[in-house]
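I have placed the structure first, in the form of structure tokens, so that the comments after it can refer back to it.
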Amino acid sequence: MEPLLTLVERPDAVGTTEPIFTPEEIASGVRRVREHAHIVADATGRRLGLVLGPRPAGEIVGTLPPLYPEWLGGRTFCEAHGVRFPYVAGEMANGIATTRMVMEMARAEMLGFFGAGGLGFSQAASAVRELATELAGLSNWGVNLIHSPHEPELEYRVAKLLLRHGVPCVSASAFMDLTPAVVLCSAAGLRRDGDGRIVRRRRIFTKISRPEVAEKFLSPAPQGMLRRLVERGELTAEEAELAARVPVAEDITVESDSGGHTDNRPLGSLLPRILLLRDELTRRFGYAQAVRIGAAGGLGTPQGVAAAFALGAAYVVTGSVNQVATEAGISAEAKAMLAEADIGDVTMAPAADMFELGVKLQVLRRGTMFAPRARQLYEAYQAHASLEELPQPLRVKLEREVLRAPIEEVWAATREFWQQRDPAELTRAEADPKHHMALVFRWYLGNSSRWAITGDTARRTDYQIWCGPAMGAFNRWTAGSFLAEPANRSVVQIALNLLEGAAVTTRAHQLRTYGVPVPASAFVFTPRRLA
């Protein structure tokens with residue numbers, strides 16, 4: 001494989017590399033990850049150093065082979081998806097993960113998912129058609145299928161859309177249980193090849209943060225759900241029979257403390273738990289091959305990426321940091337706010353799509369009042385049965401400080417939105433005053449993310465920007481470097497620098513385990529332009 005970065009060597013007079021022993025030389029040598037690293041002792045036998053390149057004459061303590069970023073994860077992941085790098089740009093909702101971002105990732109031999117979550121059906125359909133046309137013949141791209149508990153028909157329509165256009169990868173996110181939509185995506189097109197092996201038409205990813213949810217996707221689809229899909233003519237009897245022999249998803253992304261929907265769990269605890277569960281279910285169901293387990297959440301630096309691979313992740317998924325990429329579908333104002341964040345500048349707030357269930361997501365706190373204002377709406381929803389029951393002082397406060405419009409005006413806009421998207425919501429609101437109130441309050445939560453996307457400066461303090469602590473770590477790592485400039489922050493440059501730095505961090509750790517006195521500076525990788 002061609003190197004991503006050519007580093008300067010130190011050949012001696014006869015074309016070999018001299019031993020290096022000083023901290024500065026060792027730190028420089030660590031970055032030359034694509035060369036053999038031979039550990040040698042000095043004349044006293046008490047100090048260890050390095051010889052890089054060809055094997056030197058004399059005794060050596062040990063040798064490390066060349067290390068490429070391509071080799072950090074699971075080779076089966078790269079082979080299965082036709083990619084060079086075990087790296088995925090995740091599906092930031094509302095089209096923030098744009099079609100352009102997905103195309104750039106695919107052409108760089110990585111994998112990207114379009115953020116269809118939160119979009120109307122026509123918007124999602126337009127994006128899927130564009131991707132299917134532009135990336136025809138490629139299998140390393142995909143589209144998000146987000147769980148929509150209040151819009152199951154939309155969820156199912158999107159699933160059918162993905163099947164109709166032959167989307168090669170589907171990323172199921174925010175699911176708390178299996179639904180007909182995700183099972184259909186998993187089972188449709190299953191067949192046996194000439195050797196009797198079960199072959200999938202598309203590959204299902206899912207993001208999870210709870211073992212009980214992971215178990216559902218690591219298991220075969222429920223028989224009852226498969227039977228109903230057969231009865232409806234959505235699956236053949238053969239597809240249903242084969243679906244009972246394979247897991248619903250082939251790639252499980254363990255999502256730790258991330259932006260958006262998250263349980264804020266540490267990767268170091270969660271990933272090993274899911275790896276053990278995967279192994280247990282592989283034995284129980286007798287799968288021919290193990291499900292691949294990836295890592296997401298908190299991955300904003302090379303050290304974080306290296307740690308995820310060291311824990312056993314087959315691949316990594318980035319999210320928050322890609323919002324500052326040039327291809328991200330979010331306003332310049334929102335990107336500037338993200339660029340100022342530190343790791344503590346995030347907080348939890350009610351989620352628009354699961355407002356009534358009390359589900360929360362992680363958002364940017366610095367520079368925006370969205371989170372406390374959204375919490376005010378949820379507290380009012382919990383405490384009262386209808387808009388009419390809101391105490392007048394509270395109603396005035398919400399209209400003046402949060403909605404910034406009379407409730408009647410907000411309801412008119414809400415009614416128009418649902419009339420086009422799903423009129424059944426309006427029918428339900430007429431019969432249920434509390435649901436009526438929820439739709440009004442969700443108007444604010446839904447629009448706050450759109451204001452951030454469009455850059456509505458009049459509502460800047462209401463911007464809802466999904467963000468995890470990875471953003472703050474990324475900002476500190478890139479400060480003063482090539483990636484500090486907004487124009488240089490392409491999604492591919494972010495990915496290549498994270499991977500290159502992860503390889504350097506991994507090599508530094510490897511050498512340290514051999515007893516080489518690796519200085520702290522060797523674990524630091526400064527971003528630069530990579531090709």
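Some notes on this structure:
- Scanning region 173-196 for residues that are part of a loop (DSSP other than H, G, I, E, B) and either touching a His at 6+ places or on another chain (Cβ under 8 Å) or over 15 Å from A240 (Cα atoms) (or both) gives A174, F175, M176, D177, L178, T179, D193, G194, D195, G196.
- One residue stands out in region 148-172 among those that are modelled with pLDDT under 95 and of a type outside the set (D, E, K, R): the one that is farthest from V199 (Cα to Cα), namely H150.
- Residues of region 239-252 that are under 11 Å from F217 (Cβ atoms), open to solvent by less than 10 Å² (accessible area, probe 1.4 Å) and out of contact with any Ser or Thr (no Cβ under 7 Å at 6 or more places or on another chain): D251 alone.
- The number of residues in region 143-189 that are under 18 Å from S219 (Cα atoms), in contact (Cβ under 8 Å) with a residue 60 or more places away in the chain and hydroxyl-bearing (S, T, Y) comes to 3.
- Checked across region 350-367, the condition of being surrounded by 15 or more Cβ atoms within 10 Å (Cβ to Cβ) and over 23 Å from the mean Cα position of the chain (by Cα) holds for at least one residue.
- Residue count for region 368-393, restricted to those that are of a type in the set (A, V, I, L, M), part of a helix (DSSP H, G or I) and either touching a Lys or Arg at 6+ places or on another chain (Cβ under 9 Å) or surrounded by 15 or more Cβ atoms within 10 Å (Cβ to Cβ) (or both): 5
- Positions within region 332-345 being open to solvent by 10 Å² or more (accessible area, probe 1.4 Å) and in a loop (DSSP other than H, G, I, E, B), in sequence order: E340, D342, I343, G344, D345
- Whichever residue in region 48-61 is on the phi < 0 side of the Ramachandran plot and touching a residue at least 40 places away in the same chain (Cβ under 8 Å) and, among such residues, is surrounded by the fewest Cβ atoms within 10 Å (Cβ to Cβ): V61
- When G300, G312, G304 are checked against the criterion of being assigned to a helix (DSSP H, G or I), over 30 Å from L226 (Cα atoms) and not aliphatic (A, V, I, L, M), G304 stands alone in meeting it.
- Among the candidates T262, T206, the residue that is more than 24 Å from C78 (Cβ to Cβ), open to solvent by less than 70 Å² (accessible area, probe 1.4 Å) and β-branched (V, I, T) is uniquely T262.
- Candidates F309, F285, filtered to the one that is open to solvent by 40 Å² or more (accessible area, probe 1.4 Å), over 24 Å from N94 (Cβ atoms) and aromatic (F, W, Y): F285
- A search for C-beta distances below 7 Å between a residue of region 360-383 that is β-branched (V, I, T) and any residue that is open to solvent by 20 Å² or more (accessible area, probe 1.4 Å), counting only pairs 6+ apart in sequence or on different chains, returns V363/V346; V363/T347; V363/W466; T368/T461.
- Evaluation of V213 against (1) crowded, with 21+ Cβ neighbours inside 10 Å; (2) under 22 Å from V317 (Cα atoms) (one fails), failing number: (1)
- Positions within region 394-403 being touching a helix residue (DSSP H, G or I) at 6+ places or on another chain (Cβ under 9 Å) and either open to solvent by less than 50 Å² (accessible area, probe 1.4 Å) or over 30 Å from G468 (Cβ atoms) (or both), in sequence order: L394, R395, K397, L398, E399, V402, L403
- Any chance D251 is within 13 Å of E215 (Cα to Cα) and in contact (Cβ under 8 Å) with a residue 40 or more places away in the chain: yes
- Test: G260 is at pLDDT 95 or above, out of contact with any Cys (no Cβ under 8 Å at 6 or more places or on another chain) and small (G, A, S): no
- Selection within region 181-198 - loosely packed, with under 13 Cβ neighbours inside 10 Å and either under 26 Å from the mean Cα position of the chain (by Cα) or of a type in the set (D, E, K, R) (or both): R192, D193, D195, R197
The values are calculated or read from the model by the stated rules, or taken from the named source; none is laboratory data. Predicted, not measured: the structure shown is a model, and the values here were computed from it. In this analysis, Cβ positions are derived from the backbone assuming ideal geometry, glycine residues included, and neighbour counts consider all displayed protein chains. Heavy atoms of the whole protein, side chains included, go into the accessibility calculation; ligands, DNA and RNA do not. Shrake-Rupley method; radii C 1.70, N 1.55, O 1.52, S 1.80 Å.
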